[in-house]
Structure formats: structure tokens, C-alpha cells
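Read the structure below first, then the notes.
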Ligand SMILES: Cc1cc2nc3c(=O)[nH]c(=O)nc-3n(C[C@H](O)[C@H](O)[C@H](O)COP(=O)(O)O)c2cc1C
């Protein structure tokens, strides 16, 4: 794979790939690893990329520990790797978890009933159970709820938006790896080459 050899073009390329990753379940970058301030990490589905705002959006259960931890402005890291393109992105930014308001309403409205189903769980994610369980009510077990039935999950739904402040881009190549660091300051984004 041939990649551009100037920083502006690399930035444009990585944002285009992040936009594609949100839209395509086939992209390796569709399911990055998301880290929180407590040192915990987990796989999440990248739901939306906004290159103009340099932000990423995820969906989660508002009752989850990570939603509480991120709250109104917690540090979040997002790690992407695509073994086919040999591209790694190590992103850092400030996350915000919200379950009410226009962005959460719009994301919920655009979610399919099959995606909404997990928000019907009766107890919060992470609750200890005496038996193996999905946490879903019996009526939602083993079937996709109707859109009307799925509305019961709305109160448990939250969006996490991560405004990125740092992107460490790495391309592995036999004839020489390449690494670039993009950082956001008051003056906007600035990129530099870094020894891999
Ligand atoms: C492929 C894959 C995709 C996942 N997508 C999400 C997601 O979009 N949102 C989410 O909250 N959890 C998702 N999970 C589950 C999380 O990895 C994690 O187990 C769960 O959210 C509990 O994390 P917590 O204890 O940090 O809240 C996904 C897991 C896998 C394996």
C-alpha cells in the first residue's frame, strides 16, 4: 500500500479512514480498543467520525462504569489497528458521556431495534449474577424486539463523544516504518514526523 509522504495528506487520509471505519462493519478500525482513566480497556464499535470536529462517537449503557467514569469530561484513549494496511492509530482526547439531549436522541433514533436490544437489560452492566445471564427480560431473550418494545431501553442509552487532542499514526512497512504525531493546541492541529 502506498501512503502519502507529507503530513497534511496523511492527516486527510487517516480521517477518511476513520469516517469509513464508522460506516463499515468490515473495516478493522470499526472496533477499536477504548481506554479510560482507571487503566481499563474494552472493545467498542466506532459509530461516527466527525473529521471537522476531530471527534469520534461511541454508544454505551448509561449505567456502565465507563460512562460514569468519563462523565462530563474524562480522558479517553482509542487504539486502532488494521493488520491488512498495517496502520496503527493511538488516539487520546476528552470524552463526554450523555444520555439526554439532541445528540443522544438522534443516535437513538438512528439505532436499529437489534442494536437497541442490549439497553433493555434490567440491571446495570457489571452486576454480579448467580446464574449465566444476558440480563435481558424474558420477552426480549432470543428475539429482536419491535421498535416500540425497544423504546424501554432509551433511558439506559448514552453516547460517548471523544474530542481528540492527539493522534499517533504508525505505518509498518518492510522498507521502513513511518510515524507521525498530530497534536491539537489552541492554534489547531500540528503534525510532526517521529522516529518509529
Ligand atoms: C466486538 C465488540 C464490540 C463491542 N461494542 C461495544 C459498544 O459499542 N459499546 C459498549 O458499551 N460495549 C461494547 N462491547 C462490550 C465492551 O467491550 C465491554 O465488555 C462492556 O462495554 C463493559 O465494559 P465496562 O465494564 O468498561 O463498562 C463490545 C465488545 C465487543 C467484543
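Pairs are defined by a Cβ separation below 6 Å, a sequence spacing of at least 6 or placement on different chains, a first member in segment 117-128 that is within 15 Å of residue 141 (Cβ to Cβ), and a second member that is within 13 Å of the ligand (Cβ to nearest atom) and part of a loop (DSSP other than H, G, I, E, B); the pairs so defined are 121/135; 123/135. The set of residues in segment 17-40 being more than 9 Å from the ligand (Cβ to nearest atom), free of Cβ contacts under 8 Å to residues at least 24 places away in the same chain and not in a loop (DSSP other than H, G, I, E, B) consists of 20, 23.
The residue pairs whose first member lies in segment 65-87 and is free of Cβ contacts under 8 Å to residues at least 40 places away in the same chain and at positive phi, whose second member is surrounded by 15 or more Cβ atoms within 10 Å (Cβ to Cβ) and outside any loop (DSSP other than H, G, I, E, B), and whose beta carbons are closer than 9 Å, counting only pairs six or more residues apart or on different chains, are 71/95; 71/96; 71/97; 73/94; 73/95; 73/96. Within segment 116-126, if we keep just the residues that are under 20 Å from the mean Cα position of the chain (by Cα) and crowded, with 18+ Cβ neighbours inside 10 Å, the residue that is farthest from residue 59 (Cα to Cα) turns out to be 117. The lone criterion from (1) outside any strand (DSSP E or B); (2) at pLDDT 95 or above left unmet by residue 143 is number (2).
For the structure I just gave you, tell me whether residue 96 is in contact (Cβ under 8 Å) with a residue 12 or more places away in the chain and in a strand (DSSP E or B). Criteria met by residue 96.
So, residue 90, is that one within 22 Å of residue 21 (Cα to Cα), part of a strand (DSSP E or B) and within 10 Å of the ligand (Cβ to nearest atom) or not? No, not satisfied.
Of the residues making up segment 127-140, just one is within 13 Å of the ligand (Cβ to nearest atom) and loosely packed, with under 11 Cβ neighbours inside 10 Å, namely 128. So, in segment 41-74, how many residues would count as being within 12 Å of the ligand (Cβ to nearest atom) and part of a strand (DSSP E or B)? So the count comes out to 10. Scanning segment 63-76 for residues that are touching a helix residue (DSSP H, G or I) at 6+ places or on another chain (Cβ under 7 Å) and either closer than 19 Å to residue 191 by Cβ or surrounded by fewer than 20 Cβ atoms within 10 Å (Cβ to Cβ) (or both) yields a total of 1.
Pick out, from segment 150-196, the strands (runs of 3 or more DSSP E) lying fully within it that include 1 or more residues that are within 20 Å of the chain's Cα centre (by Cα).
157-171, 178-185
With the condition kept exactly as written, say whether any residue in segment 146-154 is more than 14 Å from the ligand (Cβ to nearest atom), in contact (Cβ under 8 Å) with a residue 40 or more places away in the chain and surrounded by 12 or more Cβ atoms within 10 Å (Cβ to Cβ). Yes, there is a match, as at least one residue in segment 146-154 is more than 14 Å from the ligand (Cβ to nearest atom), in contact (Cβ under 8 Å) with a residue 40 or more places away in the chain and surrounded by 12 or more Cβ atoms within 10 Å (Cβ to Cβ).
Here residue 79 fulfils each of the conditions (1) under 15 Å from residue 17 (Cα atoms); (2) crowded, with 20+ Cβ neighbours inside 10 Å apart from (2). Being more than 30 Å from residue 182 (Cβ to Cβ) and either touching a strand residue (DSSP E or B) at 6+ places or on another chain (Cβ under 6 Å) or crowded, with 16+ Cβ neighbours inside 10 Å (or both): is that true of residue 111 here? Yes: the conditions hold for residue 111.
The values are calculated or read from the model by the stated rules, or taken from the named source; none is laboratory data. What you see is a predicted model, and the numbers here were worked out from it, not measured in a lab. Note: ideal-geometry Cβ built from the backbone for every residue, glycine included; neighbour counts use all protein chains shown.
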